[in-house]
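Step one of this worksheet: look at the structure below.
The values are calculated or read from the model by the stated rules, or taken from the named source; none is laboratory data. Computed from a predicted structure; not experimentally measured. Positions of Cβ are generated from backbone atoms using ideal geometry, with glycine treated the same way; all protein chains shown enter the neighbour counts. When the accessible area is computed, the model is the full protein with side chains, heavy atoms only, and any ligands, DNA or RNA have been set aside. Shrake-Rupley method; radii C 1.70, N 1.55, O 1.52, S 1.80 Å.
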There are 4 protein chains.
Amino acid sequence: MIDTRPVSKPLLAYTVARLDRLVSKLLTQQLKAMDITLPQYTALSVLAAKGSLSNAQLAERSFIKPQSANKILQDLLQAGLIERHADPSHGRIILMTLTEQGQRTLAQCHQLALEVEHKMLQNMDIHLVNLIQSSMEKMTKNLKD
Amino acid sequence: MIDTRPVSKPLLAYTVARLDRLVSKLLTQQLKAMDITLPQYTALSVLAAKGSLSNAQLAERSFIKPQSANKILQDLLQAGLIERHADPSHGRIILMTLTEQGQRTLAQCHQLALEVEHKMLQNMDIHLVNLIQSSMEKMTKNLKD
Amino acid sequence: MIDTRPVSKPLLAYTVARLDRLVSKLLTQQLKAMDITLPQYTALSVLAAKGSLSNAQLAERSFIKPQSANKILQDLLQAGLIERHADPSHGRIILMTLTEQGQRTLAQCHQLALEVEHKMLQNMDIHLVNLIQSSMEKMTKNLKD
Amino acid sequence: MIDTRPVSKPLLAYTVARLDRLVSKLLTQQLKAMDITLPQYTALSVLAAKGSLSNAQLAERSFIKPQSANKILQDLLQAGLIERHADPSHGRIILMTLTEQGQRTLAQCHQLALEVEHKMLQNMDIHLVNLIQSSMEKMTKNLKD
């Protein structure tokens, strides 16, 4: 008989996945009031951090498929949160940047994310939080090596 | 001017999301050799843990939409990893359980997940890992309260 | 002008020393009711752990000077907590072992130490305590290398 | 039969004491080259932090007996590291302060302590060290409440 029982203690990877799913669910609910989806918020964050990106670059940096990136960008364009312009060095490539309204919206989204973060970390020692963060960065490095 | 710069230190929630995405990517690659997707592996795990479940119960417990659950179960049925039978107490409800082949497959998937976990945690103090896990459970509880 | 200000954050070594001094003070107060000093308790613990020791061995294992060890052993002998007997393999060496009364006394001392430990660790995550302990063992190793 | 075996895992209080004794031993060895004892270094640190203190205040703040404080201060006076002067507000009380030579000596002692600290903490995550320090402060508070 094969042992298919879950091990007595769940994998840390499973605990990480469960927490991430819960954060995503709560943040998605918060963003709904602003008529923004989580992938749209992620795209706005990535664009703001990089200044301007092509469709392909955005997809790569956001870990999403190019066709998904395309749909997200169309929606953000239509909502007036980003705008298109030609790449100054490669005229045929179209880059996206945030409009002023996009910047305002992003700042509000950041605020909502911060509130979820604070709820998640309430009553926790800041040094413990910093240790967990540096440890997770080490785990990420372990997996990439 | 609105401040849209990411805060100097990323949110822990972002670090969690990044690690989870990387684990999912690596595990998906590992499972490909067994012709299993990550959602299929998750469904097999949930079914094994609960004994047997209806389509609706599986969807709820796996955090996926009922229509996605339906597609996953169809694929698992076709691959001979699960089988259908009537709920003994409510004859019209169809429950799913793992076949012997499904149990063997699940054990192999668990082994692959364990290898990713070990790679992720290499050179880390087991007490630190335990502390991170209990802390993330506390964060999950904070978010649910 | 020479900078003699304490660094803004005290050394960890100083925090360790401060905690150790406080634990010693509280445990000494607790032991007073049993008419035992902290060095006597330490000597009883070391003797119990090793079975029997000479004066010189006790001094070395308790980090105390031989003349201090001598005084402690005299007091424990007089209180009937330990007894002397010749080393079976080297007749001229005198070994000390706990009497039955000494064993009873030691068990009571352990109980008092456990109460101080519990007060010290109240409301602390057991995994954090384990991590601190393994980390301090690593620090001890760092200093010995 | 009474159980006098040490518990399988030593108390954290014992691990703390062991580390503290090792730090004291190494620092004492380092200070010997400067012809300073550990209690003298402690007294210099306390005096520097407070500006000036009476014999009684020094004893209280250094956790030592007044007669020990007296001997330490005599040695420091003789070595020219501290000097006496009347308390401006209570003329009959004698206060001690560091001389310039005392300040130079203290700065060198701090440097030696810092080297022991660095050896102790080598290869340790700074966030873990911070967490241990804040946790030990919490333990100290637990014991004082």
Next item on the list: Partner chain Cβ atoms within 10 Å, averaged over the residues of B:102-109 - can you pull that number for me?
Entry: 2
Note to self: Once you order the gyration tensor axes a ≥ b ≥ c over the Cα atoms, which shape class does the protein assembly as shown get: rounded for a/c under 1.5, otherwise prolate or oblate by comparing a/b with b/c?
What the structure shows: oblate
Check: Among the listed pairs C:LYS141/D:LYS138; C:LYS138/D:LYS32; A:LYS71/B:LYS144; B:LYS138/D:LYS9; A:LYS119/B:LYS138; A:LYS71/B:LYS65, which are separated by more than 23 Å between their Cα atoms?
Finding: C:LYS141/D:LYS138; C:LYS138/D:LYS32; A:LYS71/B:LYS144; B:LYS138/D:LYS9
Next item on the list: Would you work out if segment C:104-145 is rounded, prolate or oblate? Take a ≥ b ≥ c from the square roots of the eigenvalues of the alpha-carbon gyration tensor; rounded if a/c is under 1.5, else prolate when a/b is larger than b/c, oblate otherwise.
Entry: oblate
Note to self: Among B:LEU98, B:GLN111, B:ALA69, which residue has its Cα furthest toward the positive end of the charge dipole of chain B, with +1 on Lys/Arg Cβ and -1 on Asp/Glu Cβ?
What the structure shows: B:ALA69
Next item on the list: Please determine, in degrees from 0 to 90 and to the nearest 10, the orientation of helix D:12-32 with respect to the longest principal axis defined by the Cα atoms of chain D, where the helix direction is its Cα long axis.
Entry: 40 degrees
Item checked: Solvent-accessible area, 1.4 Å probe, carbon plus sulfur percent, for the protein assembly as shown -> 53 percent
Next item on the list: Determine the shape class of segment B:24-121: with a ≥ b ≥ c the square roots of the Cα gyration tensor eigenvalues, call it rounded for a/c under 1.5, and otherwise prolate if a/b is greater than b/c, oblate otherwise.
Entry: prolate
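Leaving out ligands and nucleic acids, and using a 1.4 Å probe, what accessible area per residue does segment A:33-100 come to in Å²? All intermediate terms of the calculation are to be shown ahead of the outcome.
Working: 3890 Å² over 68 residues.
On a per-residue basis, 57 Å².
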Notebook entry, point to check: Using helices alone, what [θ] at 222 nm do you get for the protein assembly as shown, with -39,500 (n - 2.57) per DSSP H run of 4 or more residues, divided over all residues and rounded to the nearest 500?
Noted result: -21500 deg cm²/dmol
Note to self: Give the D-C buried accessible area in Å², both sides summed, 1.4 Å probe, nearest 100.
What the structure shows: 5400 Å²
Next item on the list: Can you figure out the FRET efficiency of B:GLU115 with C:ALA107, using R₀ = 41 Å and their beta-carbon distance, to the nearest 0.05?
Entry: 0.30
